[in-house]
Amino acid sequence: NILKEMKPSSILDAGCGPATELTGYKRDCININYVGLDKSSYMLGVAIKKHTNTTFVKGEVEALPFGDNAFDMVLLRHILEHLPVYQLAVREALRVSRHFVIINFFHRLLPFGIGAKLWNINGYWDNWYSKREFEEFLASLPIISYKKIKTKGKSGQTAEIYLVGKK
């Protein structure tokens, strides 16, 4: 719905995995210049098989291989909690975005002041961040503002999406 409302011409899906979001954009007839980035060769292979004629790049969300203001929007969906720290990735997303960064956590942000940092036995971070600390971090950035959008998925799950506006 955010994309339908704002009508960006380009988006970077940073940490795209198998490009699930692009599948939804195509289903909903959202015409957008999509670039997917992931560090996993396996996931990029899955994405490329599903979406031929789409640009996919191997890289790290903490050091995006794109110039400043390269995309109208950057999507950080279900990726930040799988990093040792989220701050670098958010700063990089803001750097390569012209207008907005969309942040959607897989895990809910914890309402109290301390988050939990966990290393998963499968070899990735599985962090639960503090909502207060995350919002204080956002407020410290050179942004116009951020707003939280509550969503509800098809199976009833809820999420808060952060829409971060760039100065």
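Taking the options Phe105, Phe100, Phe56, name whichever one is open to solvent by less than 70 Å² (accessible area, probe 1.4 Å) and either of a type in the set (D, E, K, R) or modelled with pLDDT under 95 (or both).
Exactly one of Phe105, Phe100, Phe56 is open to solvent by less than 70 Å² (accessible area, probe 1.4 Å) and either of a type in the set (D, E, K, R) or modelled with pLDDT under 95 (or both), namely Phe105.
Just to be sure I understand the filter: pairs with C-beta atoms under 7 Å, separated by 6 or more residues or on different chains, first member in the stretch 52-64 and within 10 Å of Val35 (Cβ to Cβ), second member open to solvent by 60 Å² or more (accessible area, probe 1.4 Å). Which pairs pass?
From the stretch 52-64, the pairs are Phe56/Ile48; Val57/Pro65.
Looking at the stretch 38-53 only, could you name the residues that are in contact with a Phe, Trp or Tyr (Cβ under 6 Å, 6 or more places away or on another chain) and open to solvent by 50 Å² or more (accessible area, probe 1.4 Å)?
Ile48
Taking the stretch 7-35 only, how many residues are β-branched (Val, Ile, Thr) and over 19 Å from Gly45 (Cα atoms)?
3
Only residues in the stretch 25-51 that are over 14 Å from Ala14 (Cα atoms) count as the first member; pair them with residues that are of a type in the set (Phe, Trp, Tyr) and assigned to a strand (DSSP E or B), Cβ under 8 angstrom, at least 6 apart or cross-chain, and list the lot.
Final answer for the pair search is Tyr25/Tyr34; Ile48/Phe56.
Limited to the stretch 1-37, what total is found for residues that are part of a strand (DSSP E or B) and open to solvent by 20 Å² or more (accessible area, probe 1.4 Å)?
1
Among the residues in the stretch 75-86, are any over 17 Å from Lys131 (Cα atoms) and part of a strand (DSSP E or B)?
Taking every residue of the stretch 75-86 in turn, at least one turns out to be over 17 Å from Lys131 (Cα atoms) and part of a strand (DSSP E or B).
The values are calculated or read from the model by the stated rules, or taken from the named source; none is laboratory data. This one's a predicted model, so the numbers in the text were calculated from it and none came from an experiment. So basically every Cβ, Gly included, is an ideal-geometry build from the backbone, and we count neighbours across all protein chains shown. The area values use the complete protein model at the heavy-atom level, side chains included, leaving out ligands, DNA and RNA. Shrake-Rupley method; radii C 1.70, N 1.55, O 1.52, S 1.80 Å.
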